[in-house]
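What follows is a set of notes on a single structure, which appears directly below.
Every number in this text was worked out from the coordinates using simple rules, so none of it is lab data. The model shown is predicted, which means the values in this text are computed figures rather than measured ones. A quick note on method: Cβ atoms are made from the backbone with ideal geometry, for glycine too, and the neighbour counts reach across all protein chains shown.
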Amino acid sequence: MRAWAAARLILVGFCAGGAGPKDDPEAFVRGLYSRFEADPNFFVGLGDISDEAVYSPSLLRVLSANRAFHAKHSDLGLNGDPICDCQEHESMTTPQIVVHRTGRASAEATAKFIIEDFYVRSITLKLVQTPIGWRVDDVSDSDLPSLRKWLSNDMK
């Protein structure tokens, strides 16, 4: 019975785009972006995958606080998925992904792709290794230097 539970946990982590604690961060990033390619209705936190399977605990706290702030004020906060910098991604090209380690438990990934034939995206993900696998600790692109800072400043 324990073997079945362990196998199920591993499978759930893999299907969610997560990686085990000793896996390469590139597997996490490629798994995450493959979900966007496979399903035009896929968005982080809105379906098959939870925010916890993608974001670090500290970024998740800021994201949750921002959502609560906007719910309290009955307005819209973050309007789209920061992982693809999009609201729709039906014709997303296969991302060119480059990952390099920045520390023992940190890495940075860049994903370049095109959405709807003309929206060029170059997303940088700062990654941290957690006890349950690699997670996104911040997101940036040319228009948004830090999702974490934007979320915090947006609540002021």
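Here are a few things to note about the model shown:
- In the stretch 57-148, the GluC sites (Glu not before Pro) that fall in loop regions by DSSP, at most 12 other Cβ within 10 Å: Glu90, Glu116
- Ratio Rg/Rh, restricted to the stretch 26-156 and using Cα atoms, in which Rh is the Kirkwood radius: 0.95
- Cut-off 15 Å (backbone N to label point 7 Å along Cα→Cβ of Asp24), residues of the stretch 78-119: 97-102, 107-110
- Computed magnitude of the charge dipole of the stretch 75-122 (debye, nearest 20; Cβ of K, R +1, Cβ of D, E -1): 500 debye
- Among the chymotrypsin sites (Phe, Trp or Tyr not before Pro) in the stretch 43-140, those located in a DSSP loop and surrounded by at most 13 other Cβ atoms within 10 Å of their own Cβ are Phe118.
- Spin-label pair Ser34/Ala68, simplified geometry with 7 Å Cα→Cβ offset, distance in nm: 3.6 nm
- Contact order relative to length of the stretch 64-133, as percent, for alpha carbon pairs under 8 angstrom and 6 or more apart: 23 percent
- 12 Å beta-carbon shell around Val136, net charge (K/R +1, D/E -1): -3
- Its convex hull of Cα atoms gives the stretch 44-110 a direction-averaged projected area, equal to a quarter of the hull surface, of 5.9 nm².
- Gyration tensor over alpha-carbon atoms, the stretch 82-156, equivalent ellipsoid semi-axes in Å: 22, 18, 10
- Taking 7 Å steps out from each Cα toward its Cβ at Phe118 and Asp75 produces label points 3.1 nm apart.
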